[in-house]
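The values are calculated or read from the model by the stated rules, or taken from the named source; none is laboratory data. Source: prediction; values computed, not measured. A quick note on method: Cβ atoms are made from the backbone with ideal geometry, for glycine too, and the neighbour counts reach across all protein chains shown. We work out accessible area using only protein heavy atoms, side chains counted, and drop any ligands, DNA or RNA first. Shrake-Rupley method; radii C 1.70, N 1.55, O 1.52, S 1.80 Å.
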Amino acid sequence: MDEISTDTPRADSPCPAADADLAFNVFAKSCPSRRTLENVTGRWGSLTLGALHEGSARFNELRRRVDGVSEKMLSQTLHSLERDGLVLREAQPTNPPRVDYELTELGREVAERLLSLIHFVEGRMPAVLDAQQSYDAERGAR
């Protein structure tokens, strides 16, 4: 795995349009890495990647795994993740057509990092709930 920089880039740092030798900068609003980050870390993107980490799935299987996602949102999410090279859509020439979704190698790497964060957050929920309760008690629940 590549090492991740912990330096926070400046927002005014350049972001290349096509030069692979330059670093991308998610903090620059015109950088394409920002959109990919949004696709990956958005609610449906991260949950879809996590669900596909369990293995390939058909559309309705994914809808059941990602509880609460609408058909429209799942479809949009899968298209975005496929465009970013994270999900592979494989249509079988059967009647009725069968479409399976699975992670690409890049998608698997991204999903593993996301799942580490997901498991960390799940494991720290007692502290989060305590903090929320203290916050609400100090400021009055809304």
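Does GLY50 satisfy the condition of being farther than 23 Å from PHE24 by Cβ, in a loop (DSSP other than H, G, I, E, B) and not hydrophobic (A, V, I, L, M, F, W, C)? No, not satisfied.
A quick yes/no check of all residues on (1) within 12 Å of the chain's Cα centre (by Cα); (2) of a type in the set (Asp, Glu); (3) modelled with pLDDT of 95 or more; (4) loosely packed, with under 15 Cβ neighbours inside 10 Å:
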residue	(1), (2), (3), (4)
ALA57	no, no, yes, no
LEU62	no, no, yes, no
SER75	no, no, yes, yes
ALA111	yes, no, yes, no
SER116	no, no, yes, yes
ARG124	no, no, yes, yes
GLU138	no, yes, no, yes
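For the range 64-73, name all the residues that are closer than 21 Å to ARG35 by Cα and buried (at least 19 other Cβ atoms within 10 Å of the Cβ). Selection gives VAL69 alone.
Taken over the range 93-105, the criterion of being modelled with pLDDT under 95 and open to solvent by 60 Å² or more (accessible area, probe 1.4 Å) is satisfied by PRO93, THR94, ASN95, PRO96, PRO97, ARG98.
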